[in-house]
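Each remark here refers to the structure printed beneath this line.
Every number here is computed from the coordinates shown, using simple stated rules; none is lab data. This one's a predicted model, so the numbers in the text were calculated from it and none came from an experiment. Cβ sites come from the backbone with ideal geometry, for glycine too, and all protein chains shown count toward neighbours.
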Amino acid sequence: MADTILILGNGFDLAMERKTSYSDFVDFANNLFLEKEDHLQSFLDGNNIDIEKYRDNFYLKFINENRSTLGGNWCNLEIMISQLAEAIDFYRLSPDSIYYSGENTLRIMYPDKFREKIVSQENFASKMFVAEIFYKIFTISGWYRLERRMAISELNELFISHLELLTNLLEIYLSYRDYIDFEIDKIFPVETALNAITDISESYVISFNYTHTPYKLFRIPIENTHYIHGEIDLSRHKSQINTMVFGIEDKEIDVNSSLIPYQKYYQRIVKETGSEYLDFFKPRRVEGLDVGLNKKNIIVFGHSVDPLDKEIFQNCFTLTSKNIYEYRFIFTYYNESAKRSIIKNLAIILGKDKLVELTGNKNVVFVKSDDVDGMREVLLD
């Protein structure tokens, strides 16, 4: 029997008909201070959660004030975080853009003139929002006494603290969804191509999600799961850190940049999410035999294989190619457009020639995410 390694993105939770999208989270956050349904109030009380500190979060405020101009990006929180962080960094590198030259006075004190000056610039909405927040706090917090560089640094720290609060609020929301889905509604797995896997409970999981869906629905042990970006855990001691990695993707920037704390690689180090998934690719003997190694099916489900996660995927391909067992990467896709996108991303991550080689050798294959029979045909046994 071949080993199974599942690499899961948020499309997996969505395929299980769970409300785990960023748009679901934003809707939850926007309604949090309205009249609450009984289940939500019971959940908040049962976990001693004080929601007041999550009121007026900068990132949610930015989305709600600019939703009409942000297009389809409004529901992608990571894009919003990136745009706001880059706006702060813009002012850090070009302080005369927000200060009057030679003065400690902000240009934004005349908002119409300031808007006219930057409206044609890239990332205008984020720059305007950050400037308005800066102006609002500038006098109240006494930042006018600080050197420009220090004042903008204080602004950056404030946005980082709001990002930490946003991460905590996301943990509350996803934990609440676990409570509703698994304790109240007691949902069952939805049929997908994964139904073709026998003994799925014995799989190993590399999860890009924060939720415990693989354990709750498929009884895959938590110890067989590596949470690349951390996991929800409201039961942890108050002194323990929230391990959820939530921010922007890594960019080739100076390590002294103010963007570093927003980046996922930095958060993965600080929150010590580790690299246990590397052990999943080690050769294992076929049970009951002195010779022979288990084959490995590596199934990617609900993940776009975005090049921003290339480090993880490159490691997975490198580990399999170095070992002497037979292996196959099975990439599932929702529709033909998604399949083309995955192929394009793999070409970026692996290189075109390597991808052609792997597909030619059937080390890489593609299966529609709802095609149970198609999955059975390509699984190594």
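Per residue and in cubic angstrom, what volume does the convex hull of the Cα atoms of segment 137-182 have?
Convex hull of Cα atoms, per residue: 52 Å³.
What number results when the radius of gyration of segment 256-381, computed over Cα atoms, is divided by 2.2 N^0.38 Å?
For segment 256-381, the normalised Cα radius of gyration comes out at 1.21.
When Rg is the radius of gyration of the Cα atoms in segment 161-258 and Rh is its Kirkwood radius, what does Rg/Rh come to?
Radius of gyration relative to Kirkwood radius: 1.04.
Identify all lysines with a Cα-Cα distance to Lys19 below 18 Å; exclude those on the same chain that are fewer than 8 residues away in sequence.
Lys36, Lys186, Lys216
Residues with amide H under 5 Å of Val364's amide H, sequence separation 5 or more or different chain, H placed in the peptide plane at 1.01 Å from N; which?
Phe329, Thr359
Once amide H atoms are placed 1.01 Å from N in the peptide plane, what residues at a sequence separation of 5 or more from Gln263, or on another chain, have their amide H within under 5 Å of its amide H?
Amide H neighbours of Gln263, under 5 Å, 5+ apart: Ile248.
If amide H atoms are built 1.01 Å from N in the plane of the peptide, which residues on other chains or at least 5 residues away come under 5 Å of the amide H of Met244?
Glu231
Tell me the mean residue ellipticity at 222 nm calculated for the chain from its helices only (DSSP H runs of n ≥ 4, each -39500 (n - 2.57), averaged over every residue, nearest 500).
That comes out to -13500 deg cm²/dmol.
Looking at Leu40, Ala85, Ile140, which one has the Cα that reaches farthest to the positive end of the dipole of segment 22-164 (charges on Cβ: Lys, Arg +1; Asp, Glu -1)?
So the residue we want is Ile140.
Across 10 Å bins from 0, what is the distribution of all Cα-Cα pair distances for the chain, in whole percents?
Each 10 Å bin holds this share of Cα pairs: 4, 20, 28, 23, 15, 7, 2, 0.
Short version: ³J(HN,Hα) in whole Hz for each residue of segment 187-201, in order, from phi by Karplus 6.51 cos²θ - 1.76 cosθ + 1.60 (θ = phi - 60°), x for Gly and Pro, what are they?
Those phi angles translate into 5, 10, x, 8, 5, 9, 4, 5, 5, 6, 7, 7, 6, 4, 5 Hz.
For segment 77-90, just list the computed ³J(HN,Hα) in residue order, Karplus coefficients 6.51, -1.76 and 1.60, θ = phi - 60°, integers in Hz, with x standing in for Gly and Pro.
Once θ is set to phi - 60°, the couplings for segment 77-90 become 4, 5, 5, 4, 4, 4, 5, 5, 4, 5, 5, 4, 5, 4 Hz.
Dipole of segment 22-164 (Lys/Arg Cβ +1, Asp/Glu Cβ -1, origin at the Cα centre): which of Ser94, Leu70, Ile51 lies farthest to the positive side?
Going by the Cα projections, it comes out as Ser94.
What angle, in degrees between 0 and 90 and rounded to the nearest 10, separates the Cα long axis of helix 336-350 from the longest principal axis of the Cα atoms of the chain?
90
When the dipole is taken about the Cα centre of segment 22-164, and only Lys, Arg (+1) and Asp, Glu (-1) are charged at their Cβ, what size is it in debye, to the nearest 20?
740
With +1 assigned to the C-beta of every Lys and Arg and -1 to the C-beta of every Asp and Glu, and no other charges, what is the dipole magnitude of segment 1-83 about the Cα centre in debye, to the nearest 20?
Charge dipole of segment 1-83: 280 debye, to the nearest 20.
Looking at the chain as a GNM with Cα springs under 10 Å, which of Asn361, Asn315, Asn345 has the largest mean-square fluctuation?
Judging by the Gaussian network model, the answer is Asn361.
Using every Cα-Cα pair within segment 22-164, state what percent have a distance larger than 20 Å.
Numbers: 5347 of 10153 pairs.
Result for the distance tail: 53 percent.
Residue by residue through segment 92-104, what is 3J(HN,Hα) from phi via Karplus (6.51 cos²θ - 1.76 cosθ + 1.60, θ = phi - 60°)? Round to whole Hz and write x for glycine and proline.
Per residue, the Karplus-derived 3J(HN,Hα) values read 5, 7, 10, x, 5, 6, 10, 9, 5, 4, x, 10, 10 Hz.
Please state the charge dipole magnitude for the chain, taken about the Cα centre, from unit charges on C-beta atoms (+1 on K and R, -1 on D and E), reported in debye and rounded to the nearest 20.
Using Cβ point charges on Lys, Arg, Asp and Glu, the chain gives about 900 debye.
Kindly put Met109, Met128 in sequence by how many other C-beta atoms sit within 10 Å of each C-beta, fewest to most.
Taking fewest neighbouring Cβ atoms as first place, the list is Met109, Met128.
Antiparallel versus total DSSP beta bridges in the chain: what percent is that, nearest 5?
Antiparallel bridges: around 10 percent, rounded to the nearest 5.
Most fluctuating residue of His39, His237, His303 in a GNM of the chain with Cα springs under 10 Å: which is it?
Looking only at His39, His237, His303, the biggest GNM fluctuation is shown by His237.
Please identify every one of the GluC sites (Glu not before Pro) in segment 136-197 that sits in a loop by DSSP and has no more than 16 other beta carbons within 10 Å of its own beta carbon.
Working: sites: Glu147, Glu154, Glu157, Glu164, Glu171, Glu183, Glu191; in loops: Glu147, Glu191.
Here the sparse-neighbourhood loop sites are Glu147, Glu191.
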